[in-house]
Amino acid sequence: MAHVLVTGGAGFIGSHLVERLLAMGEKVSIIDDFNDFYDPAIKRRNIETALTHSGCRLYEASICDASALQSVWTREPVDIVVHLAARAGVRPSIAEPELYCEVNITGTVRMLEAARKYGCDKFIFASSSSVYGNNTKTPFHEDDRVDHPISPYAATKKAGEEICHTYHKLYDMPITCLRFFTVYGPRCRPDLAVSKFTRLIDEDKPIPMFGDGTMQRDFTYIDDIIDGVVRSMENCSDYHVYNLGESKPVVLKDMIDTIGKAMGKTPEIDPQPEQPGDVKITYADVSRAREELGYDPTMPFAEGIERYVAWYRDVCAPAS
């Protein structure tokens, strides 16, 4: 039985990972500061069931608080760190670049320092497809150059990968960086497009469509992402970077239509100009993850949206 420390464990991806690890028989500690990027009550609801498990412990703390991190390791040795905590989102990072640098870069350094000082067998870092910027070569491969991020958020994730590589080289720390591609599914953050558009369609409100609707995203269902994270934990050694995506980009207009179909409604479109920091396409080459991790995403987008809509109606939809 391993003791796994999951930062951001009350969030969308984190809460799913926590539940999977507990079902596998692992002990899990969650670090989450329940900040107000979105309603903290949503995050608390995410982990209600997990916290009833005897193998789960919650630390309400910031990853930037070195003394809080020390208290986690002091209570019980940590075998594996899965570092998911971050300030997320491209557009908000343009408005608050200093905050994003503090949490995403300084917070990651604090986590790595704690792992170095107090011990850790494996370190998993959550990166992002945003590091590829407006790469014109598709699909995106881990060996592509990622020197031109177009948002502070993307830059902080690129910096996180670099500092992880530095710690691996200096201290021989086994580290795996995972570049997530547009994750969606139950508990999806309310600011993400699938969540936001579902809510607006349900409320018969117009959908803001930025640009001409030809933007493409490699939507990846949460269960497939969690499979990839768990496999990366099992295979973490040396230093590796992996794409975790579906490898089947979906056009924005088609995404909106798919949600509308699942909702049984015709979406009303509100055309908007392109937004600074938005990339034209995300498209993952997952051949390395398939070969080295056994990663094999299987959820078709339409079915994933149907599952999300069913969850939304059960948990989030306003009472009629």
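Values quoted throughout were computed directly from the atomic coordinates according to the rules given, and no laboratory measurement underlies them. Computed from a prediction, not measured in an experiment: that's the story for all the values here. Here Cβ is always computed from backbone atoms with ideal geometry, including for glycine, and neighbour counts include all displayed protein chains.
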Practice problem: Work out from phi, with θ = phi - 60° and the Karplus expression 6.51 cos²θ - 1.76 cosθ + 1.60, the ³J(HN,Hα) of each residue of region 191-197, listed in order in whole Hz, and give x for Gly and Pro. | Solution: 7, 6, 4, 4, 5, 4, 5
Exercise. Neighbouring Cβ atoms within 10 Å as the yardstick, rank HIS83, HIS16, HIS240, HIS141 fewest first.
Key: HIS141, HIS240, HIS16, HIS83
Quiz item: Between rounded, prolate and oblate, where does region 1-83 land on the alpha carbon gyration tensor, with a ≥ b ≥ c its root eigenvalues, rounded for a/c under 1.5, else prolate if a/b exceeds b/c?
Solution: oblate
Quiz item: Hey, what do the phi angles of region 53-60 turn into as Karplus ³J(HN,Hα) couplings, whole Hz, using 6.51/-1.76/1.60 and θ = phi - 60°, x for Gly and Pro?
Solution: 7, 5, x, 10, 10, 10, 10, 8
Quiz item: Roughly what % of DSSP beta bridges within the chain run antiparallel, to the nearest 5?
Solution: 5
Quiz item: In whole Å, what is the distance between the alpha-carbon centres of region 260-320 and region 116-132?
Solution: 25
Quiz item: Listing MET255, MET1 from the residue with the fewest other Cβ atoms within 10 Å to the one with the most, what is the order?
Solution: MET1, MET255
Quiz item: Taking LYS122 as the anchor, which lysines have their alpha carbon closer than 22 Å to its alpha carbon, excluding any fewer than eight residues away along the same chain?
Solution: LYS27, LYS157, LYS158, LYS169
Self-check item: Point-charge dipole on Cβ atoms (K/R +1, D/E -1) for the chain, about Cα centre, debye to 20
Solution: 260
Quiz item: So, with +1 on the Cβ of K and R and -1 on the Cβ of D and E, and no other charges, what is the size of the charge dipole of region 68-223 about its Cα centre, to the nearest 20 debye?
Solution: 160
Practice problem: Among LYS158, LYS280, rank each residue by its count of other Cβ atoms within 10 Å, from fewest to most, as a rough exposure measure. | Solution: LYS280, LYS158
Quiz prompt | Per-residue ³J(HN,Hα) for region 26-41, Karplus 6.51 cos²θ - 1.76 cosθ + 1.60, θ = phi - 60°, Hz, x for Gly and Pro | solution = 7, 8, 10, 10, 9, 10, 7, 9, 6, 5, 9, 4, 9, 3, x, 4
Quiz prompt | Sequence-distant aspartates and glutamates (8 or more away, or on other chains) whose Cα lies within less than 14 Å of LYS261 | solution = ASP202, ASP204, GLU303, GLU306
Quiz prompt | Angle between the chain longest axis and helix 152-171 axis [Cα atoms, degrees, rounded to 10] | solution = 20
Quiz item: lysines within cross-link reach of LYS265: Cα-Cα under 17 Å, excluding same-chain residues under 8 positions apart?
Solution: LYS196, LYS205, LYS253
Quiz item: Can you list the residues, at least 5 places off or on another chain, whose amide H is less than 5 Å from the amide H of THR182, using H built in the peptide plane?
Solution: SER129
Quiz item: Between CYS177 and residues 5 or more places away or on another chain, which pairs have amide H atoms under 5 Å apart, with H built 1.01 Å from N, and which residues are they?
Solution: PHE125, HIS240, VAL241, TYR242
Practice problem: State the Cα centre-to-centre distance between region 185-245 and region 41-91 in whole Å. | Solution: 21
Self-check item: Cα-centre dipole for region 10-52 with unit charges at Cβ (Lys and Arg positive, Asp and Glu negative), debye to 20
Solution: 140
Quiz item: Any idea which of HIS148, ALA68, GLY89 is furthest toward the positive side of the dipole for the chain, if Lys and Arg beta-carbons carry +1 and Asp and Glu beta-carbons -1?
Solution: ALA68
